[in-house]
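See structure below.
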Amino acid sequence: MTYATAHAPWILSHAIEIDRHCAGFCGELLRVSSERQHLIAAYLAAKPPSDGEHWEAANFLLRARHCEILSAGYGEVPRGLRRALGRSGAVVHAERFYGLLHRLLTRGDNGIAKCIAQVPRLDLNTLIAIEVLPSAACSPNLVRAVMGEADARDVATAFEVLVESGVDEEWLASDLREVKTQKALSSVFQKAARRAKAPPHPVPPADFYHPIETGEELFSVAREFRNCLRNYTCSLLDDAQGNAFAIASRGGHRTVVHLVRGPSGWKLEGLFKTRNRRPSRPTRERIESYLKEHGVLVESREPRKSSRWDSVHNLICADLLDFQFGLELEELEETV
């Protein structure tokens with residue numbers, strides 16, 4: 001049956017069944033205040049009447065005091081439950097709303113109780129967000145900023161993995177409590193990712209070889225090399241993805257080293273200079289030799305045949321000219 005009303009169908013089904021045994025109940029339910037409707041809904045969500053109990057339930061729900069209805073439905077009534085029901089809008093919500101509200105308020109978490117008391121209006125989506133979000137970060141601002149349950153779960157998961165990766169929990173929770181928009185939310189997690197620590201690097205450091213160990217270092221290297229390296233932030237921080245980066249130095253020149261973990265262990269994925277150009281042959285040989293010494297697989301490559309286009313390539317990639325064609329061109333191998 002389809003109901004032409006804003007009230008949730010489940011409460012109308014109960015009301016119609018009760019009305020069959022106590023005529024006039026539906027009319028009374030629709031005429032009482034919104035707070036009273038939510039109290040009745042909370043009771044019916046917790047203790048739906050069974051056969052033979054409808055007449056008694058109707059008389060009780062229409063005549064009992066507010067506090068008596070809640071006590072009969074839930075036994076011990078948590079602080080703030082009646083006030084929260086009074087701020088739950090003009091229509092009865094889905095049945096899940098009332099059990100979830102009671103469960104959140106009986107947790108004994110002052111942060112969650114405070115958030116419930118401060119949000120402008122309560123509905124099921126708001127309660128789900130409050131339940132899912134990290135309790136230390138939960139605030140009316142953050143609840144309004146997240147866009148539904150999936151977004152709230154992303155925030156909770158991101159909070160957890162970043163704290164596990166060395167980000168200060170108190171700092172992150174404090175910043176999240178202040179966000180009011182999706183843009184601000186994204187900004188907080190960008191800053192947090194830069195503070196996170198990468199898993200242990202598979203190759204030990206050396207005088208010329210320096211592993212990238214934090215998101216901040218990766219961002220810094222991306223700025224220096226003017227490439228998209230910061231897009232690999234999560235790949236670096238997530239051990240399951242098996243990516244590692246380092247900086248190798250030789251004669252004042254710096255090279256980005258990208259390693260990936262495969263079924264057979266770590267292997268060299270690539271070596272890059274500024275704007276993803278290739279380093280010189282001596283630089284590559286030194287880095288590859290060091291990596292091989294520590295068990296990293298370095299795949300051999302067939303030498304490229306020379307071409308008349310090398311002259312054009314040489315001019316395009318010259319440091320003095322520094323042209324930008326939007327292409328990732330392979331730099332000519334240097335002789336030194």
Using the C-alpha gyration tensor of the chain, what are the square roots of 5 times its eigenvalues, in whole angstrom, with the largest one first? 65, 19, 17
Dividing the convex hull volume of the Cα atoms of region 96-215 by its residue count, what figure in Å³ per residue is obtained? 114
What number, rounded to the nearest 500 deg cm²/dmol, is the helix-based mean residue ellipticity at 222 nm of the chain, given -39500 (n - 2.57) per DSSP H run of at least four residues and division by all its residues? -14500 deg cm²/dmol
Between region 19-92 and region 245-284, how far is it from one alpha carbon centroid to the other, in angstrom? 69
Residue farthest toward the positive end of the dipole of the chain, with Cβ of Lys/Arg at +1 and Asp/Glu at -1: which of Gly148, Ala72, Leu44? Gly148
Taking the Cα centre of the chain as origin, work out the dipole magnitude from +1 charges on Lys and Arg Cβ and -1 charges on Asp and Glu Cβ, in debye rounded to 20. 660
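All of the numbers you see were taken from the coordinates with simple rules; none came from a lab. What you see is a predicted model; the values in this text were computed from it and never measured. All Cβ positions, glycine included, derive from the backbone under ideal geometry; neighbour counts span all protein chains shown.
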